[in-house]
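This report concerns only the one structure given below.
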Amino acid sequence: MLAEIQYYSRLALGIRQVTRTPLPPDPESFIRRQFVERERRFLEVAERVVFANPAHPSHVMFRIAGCALGDLARHVEQDGLVTTLTTLRGEGVYLSHDEWRGTTPIVRAGREISFGANGFRNPFVKGWSESQSSGSTGRPMTTAHSTEARVHTNAHQFLRFREFGLSDRAWITLRPILPATTGLNSALRGRVVGTPVDRWFSVGSTLADYGHYRAATWAMVTLGNLAGARAPYPTFLPPDDFGPVAAHIARRRREGRASVVQGILSPLVRVAAAAIEQGHDITGTVFLCGGEALTPGKREVFERAGCLASPSYALSEVGHVGLGCPEMTGNCVHLLEDAVAAITHRRRAPYADEVEVDSLHFTSLLPYAANFFINVEMDDEGTIEPVTCNCVFSRIGFTRRIRHIAAFGKLTPQGMNFHGTELVPVLEEVLPARFGGRPGDYQLVECEAPNKQTELRLHISPRVGLTDPERVRDAFVEHMRPRRGGALATRLWLHSNGVRAVISEPHATPTGKVHAVRLLRASSSPGRTRVGHEA
Ligand SMILES: [Zn+2]
């Protein structure tokens, strides 16, 4: 409780600070300068955070690789940052997602490298706005973002709005209230970037223990408004009904004002579908979507409603990685190379016997990024390739894009992450112990439902002999009960519409073996499967 009070006090001070910090006078020049200076800044942060600290896990990796700071600087100058990072990956300077989460030890050249809970946090950054990965086991992953990082994101956001011609639109945000901070940040950001937020819609009003988070959200919006934010208070949606958002967009449209709607992709699809079903005219609305891959099926729903959808790609631990532009279609974004460097490395996917993926590796470039990573994997794959378009991001120099972004080794329904390392013990041990059966009798599939929602389907083998699959679903949800920071919303969402439980024969793999986790990718290549530990 005391920790929570301290956290909200910090959050209140941070909100005041970020609300009163204007954008840089020329955001485009500001971002371009960051981009031009990125190699120098990367070396400066590496020197301060890694090379000045012999115990830093990346420092140990550099020592094992025989690379001193001078070697690194020379390499970057001669070959550029991307080539250097690719070479370093080959020399063992990288971090797999499970290593960073602490579920697998870091071993390089036969030597185990230990690190503490905050081993990759930048000690020179004072953050206040926390985001936390959901999950029930492993190390809690808290990232605290600073005011400088928020201002940087606001500058990206400003350029995105200007490029799409959205600055005069009614800005609607569809995001959860506290303890997740994304909704609050979004609502408070409007006036700073020059487009005040018109309405903030939120799901998550039915859970009994949401009461004090409602009060905390109300208090934080009030504090922001006292500092000049002019942010709206959240409007709660009825359970399982996104019609009120569509009705609001149609009303604004009749008043002569088009809208831009921002949030997690699956709920935004529900808004477009509600407009079609209930006859609300939302033609011309732009949906800025995050958290999930923009699949052809989901895009088609937006198009049927006469709307445009554009994706973004962000990772709470790394920051904003990519943004779509008006010339891009599909599951594809400009890589924001002022803030993050990215390479791919081909490797075998976890929980899969035969599948290889181009795993994305990220490196932090901003001195005020919460974590300082060199080649960290987030269990996402994608294709990095050159792009030529005539948008502000290309003009700045962001001439590489990431295409076909998809998760492997984790499920990402509705913008939430469930990692294989957390799921496997629940499916292989917890559920069989409680309901009978054995490993392989419980399988989890991520799929796109007929209404284009991304959902998890829990398959239970008939040989378990259950008649009420919903009991297993409730036990699964209870076991994945997450912690603070987006976590309560996760539990609510899982309860309301997230997991469908069905009795079905176990899926066998191509080798004929039964696996406990079957991760079906809903995004770029329908039909490709990710399979789990062998029974
Ligand atoms: Zn572009």
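Scanning the range 331-364 for residues that are within 16 Å of the ligand (Cβ to nearest atom), at pLDDT below 95 and touching a Leu at 6+ places or on another chain (Cβ under 7 Å) yields a single hit, ASN331.
With the requirement that a residue be over 23 Å from ARG251 (Cα atoms) and part of a loop (DSSP other than H, G, I, E, B), what does the range 276-305 give you? Reasoning before the result, please.
First pass over the range 276-305, keeping only residues over 23 Å from ARG251 (Cα atoms): 290-300.
Matches in the range 276-305: GLY291, GLU292, ALA293, LEU294, THR295.
Scanning the range 156-192 for residues that are surrounded by fewer than 20 Cβ atoms within 10 Å (Cβ to Cβ) and of a type in the set (A, V, I, L, M) turns up just one, LEU166. Residue pairs whose Cβ atoms lie under 6 Å apart, sitting 6 or more positions apart in sequence or on different chains, and linking a residue in the range 365-394 that is within 16 Å of the ligand (Cβ to nearest atom) to a partner that is among the charged types (D, E, K, R) and assigned to a loop (DSSP other than H, G, I, E, B), are CYS389/GLU327; CYS391/GLU327.
Answer yes or no as to whether LEU323 is within 16 Å of the ligand (Cβ to nearest atom), at pLDDT 95 or above, over 20 Å from ASP380 (Cβ atoms) and not assigned by TED's automatic domain parsing to the domain that holds SER129.
Working: within 16 Å of the ligand (Cβ to nearest atom): yes; at pLDDT 95 or above: yes; over 20 Å from ASP380 (Cβ atoms): no; not assigned by TED's automatic domain parsing to the domain that holds SER129: yes.
Criteria not met by LEU323.
Filtered by the rule that a residue be part of a strand (DSSP E or B) and not β-branched (Val, Ile, Thr), the range 219-247 gives PRO234, PHE236. Listed by position, the helices (runs of 4 or more DSSP H) enclosed by the range 369-441 that each have at least 3 residues that are within 23 Å of GLU356 (Cα to Cα) and either touching a helix residue (DSSP H, G or I) at 6+ places or on another chain (Cβ under 8 Å) or not assigned by TED's automatic domain parsing to the domain that holds PRO57 (or both) are 420-425. Of the residues ARG230, ARG252, the single one that is over 24 Å from the mean Cα position of the chain (by Cα) and under 28 Å from GLU292 (Cα atoms) is ARG252. The condition of being in the same structural domain as GLU505 (by TED's automatic domain parsing) and either part of a helix (DSSP H, G or I) or modelled with pLDDT of 90 or more (or both) does not hold for VAL445.
Just a yes or no: is a residue in the range 400-413 among the hydroxyl-bearing types (Ser, Thr, Tyr), more than 16 Å from the ligand (Cβ to nearest atom) and at pLDDT below 90? If you could, list the steps in order and put the result at the bottom.
Pass one, the range 400-413, residues among the hydroxyl-bearing types (Ser, Thr, Tyr): 412.
Checking which are more than 16 Å from the ligand (Cβ to nearest atom) leaves us with 412.
Checking the rest, the ones that are also at pLDDT below 90 come to 412.
Looking for residues that are among the hydroxyl-bearing types (Ser, Thr, Tyr), more than 16 Å from the ligand (Cβ to nearest atom) and at pLDDT below 90, one finds at least one in the range 400-413, hence yes.
Taking the range 81-108 as the range and being of a type outside the set (Val, Ile, Thr) and modelled with pLDDT under 95 as the test, the residues that pass are SER96, HIS97, ASP98, GLU99, TRP100, ARG101, GLY102, PRO105.
The values are calculated or read from the model by the stated rules, or taken from the named source; none is laboratory data. Just so it is clear, the model here is predicted, and its values are computed rather than measured. As a convention, Cβ positions derive from the backbone with ideal geometry for all residues, glycine included, and neighbour counts pool all protein chains shown.
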